[in-house]
Each structure stands twice: as C-alpha cells, then as structure tokens.
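Here is the structure we will look at.
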Amino acid sequence: MLLSFLLRNTGQPRGAAWDKVKERLLLQDSSIVKFAKKIPGFHDLNLDDQIQLIKHSAMAGQIPYLANHDEAWKWFKEIILDMEGLQPLVLQCKSQIVSAVEAFRRFYATPGELALFSAVVILNQDVPQLTNRKAVEKLNNIAQRALKQEVLGKGNALYASCPSHTTLTYF
C-alpha cells in the first residue's frame with residue numbers, strides 16, 4: 001500500500017530513519033487490513049476486490065486518523081511530507097493532504113463517525129480493476145446511510161459490529 005508505493009518510487013532508501021518509517025507504515029497497513037475485515041459484508045466480496053479496495057484506501061483512510069491524533073500528524077508531516085528523499089513523490093500532493101487533514105480537524109467527529117467514514121472510504125466503488133463493482137457499491141451505500149444516521153444521532157444496527165476507529169493503531 002503506501003509503503004510499497006514509497007519503496008517502488010524511492011530507490012530503496014537506507015538508514016535508521018527510513019527503517020522507522022517502514023516499521024510505522026507496516027503497522028499502519030496492517031491496521032487498515034484488520035479494520036477492513038471488520039466491516040460488515042467485506043468478507044463476502046471477492047478476494048481480489050478486497051485487496052484492491054485496501055490498496056486504494058491506504059492514504060485516504062489515514063486522513064481522519066491524522067486529523068484526530070496530533071502526535072501521528074506531527075510525525076507524518078515531519079517524516080513523510082518533509083523527508084528529503086520523498087520530496088519528488090509528495091510534492092504534487094502535499095498541499096492536498098495538508099488541506100484535507102486540516103479541514104477534517106474542524107469536524108470534531110466521534111469515534112463512531114470516524115469508523116463509518118473510514119468504511120465509506122475503503123468501500124469505494126470507483127476503484128479500478130474491481131470485479132464486482134455492484135457488490136462494493138451496495139456495501140458503500142449501506143455504510144453511507146449508517147454514517148448519515150450516526151451523524152444525525154440515530155445510531156445504526158447495521159454497523160453495530162463495525163469497530164470503533166479509536167481501537168485501531170495506525171502509528
């Protein structure tokens with residue numbers, strides 16, 4: 001996901017700082033996979049679709065987490081966005097990432113809202129190479145309705161088993 005993208009495009013950087021980056025990104029990737037597996041209906045999707053959805057949600061799925069965890073956001077800005085060897089890669093999207101995180105900080109989302117928002121991001125029916133886009137679209141619609149009900153304060157039994165976003169450890 002994000003780590004494999006960085007490794008493919010940076011020429012295998014070396015050093016203790018890079019080792020720490022790899023360690024944290026591997027933990028983040030693992031957390032996204034664990035979270036996705038807990039989304040109701042995710043296991044019913046074709047395995048290839050599950051993989052594509054997880055791969056394509058790696059960065060976007062981090063926005064709510066980074067917006068609500070100052071330490072992680074500080075680390076991400078200092079290491080990922082400002083690391084010298086990564087500048088050519090992040091230069092084109094740095095301002096968009098910063099803008100998204102700063103905008104998301106103003107929402108003051110609850111853990112339930114964060115979890116449902118993350119589910120909507122992961123269940124993106126516009127991901128290329130999906131084999132069953134309709135099944136993903138159906139799950140995305142359910143997640144969107146659940147998020148709307150959560151935001152309106154009604155809760156949602158459909159997503160009662162969806163984990164709280166705060167139980168995930170990305171960094």
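Look at the range 40-61: where a residue is in a loop (DSSP other than H, G, I, E, B) and a partner is of a type in the set (Val, Ile, Thr) and exposed (fewer than 15 other Cβ atoms within 10 Å of the Cβ), sitting 6+ places away or on another chain with Cβ atoms under 8 Å, you get ASN46/THR131.
Taken over the range 97-135, the criterion of being of a type in the set (Gly, Ala, Ser) and more than 12 Å from the chain's Cα centre (by Cα) is satisfied by SER99, ALA100, ALA103, ALA109, GLY112, ALA135. It is to be established whether one or more residues within the range 60-76 are modelled with pLDDT under 70, touching a helix residue (DSSP H, G or I) at 6+ places or on another chain (Cβ under 6 Å) and buried (at least 19 other Cβ atoms within 10 Å of the Cβ). No.
In this structure, GLN92 does not satisfy being at negative phi, crowded, with 19+ Cβ neighbours inside 10 Å and modelled with pLDDT under 80. Considering only residues in the range 9-37 that are over 24 Å from GLU71 (Cβ atoms) and assigned to a loop (DSSP other than H, G, I, E, B), the one that is modelled with the highest pLDDT turns out to be ARG14.
The values are calculated or read from the model by the stated rules, or taken from the named source; none is laboratory data. It should be emphasised that the depicted structure is a prediction, and the values quoted were computed from it without experimental measurement. Cβ: placed from backbone, ideal geometry, glycine included. Neighbour counts: every protein chain shown.
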